[in-house]
Amino acid sequence: MSDNRVWAVAVCYMLALKPSSILLGTFIAKWTPKENKEISLPNAGAWIGYLERVLILTFMLVGCMDGIGFLLAAKSVFRFGELTKPSEVKITEYVMIGTLSSFTIAIILGAIASRVIGG
């Protein structure tokens, strides 16, 4: 793989971390439930986002699209127990917006990186 391709993939991974987190935080800020911050671990959501975006990008680069579906299913299973109460509708919607936005960014970055590698 040429140096330019390595740099392009490295930039996609870097963009999947803090820049994406800032973009997502800005995008979902208007929906962030105030009570959620008090019951959550400090920065846990950011780290979960970093890991899921890196995993999705890696799955796309190695051609393992099933891994993306597995990751989404696993995250849904873990969250399902907390989000089954009708009173948790706002938190459920907030989590869905954040998750789908994060996955979208990672998939776009993965498509860009895959195109650079392949072409």
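The values are calculated or read from the model by the stated rules, or taken from the named source; none is laboratory data. What you see is a predicted model; the values in this text were computed from it and never measured. Heads up, the Cβs are rebuilt from the backbone with ideal geometry, glycines too, and the neighbour counts pull from every protein chain shown.
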Which of the numbered conditions does Gly25 fail, given that it passes all the others? Conditions: (1) surrounded by 12 or more Cβ atoms within 10 Å (Cβ to Cβ); (2) of a type outside the set (S, T, N, Q); (3) modelled with pLDDT under 90; (4) farther than 23 Å from Phe59 by Cβ. (3)
Residue in the range 79-100 that is of a type outside the set (Val, Ile, Thr), modelled with pLDDT under 95, closer than 29 Å to Ser114 by Cα and surrounded by 15 or more Cβ atoms within 10 Å (Cβ to Cβ) present: yes
Does Ala46 qualify as being of a type in the set (Gly, Ala, Ser), modelled with pLDDT under 95 and farther than 30 Å from Gly118 by Cα? yes
Spot the failing condition for Ala113; the list is (1) at pLDDT 90 or above; (2) surrounded by fewer than 16 Cβ atoms within 10 Å (Cβ to Cβ), and only one is missed. (2)
Among the helices (runs of 4 or more DSSP H) confined wholly to the range 1-79, which include 1 or more residues that are closer than 17 Å to Ala106 by Cα? 3-16, 18-28, 44-61
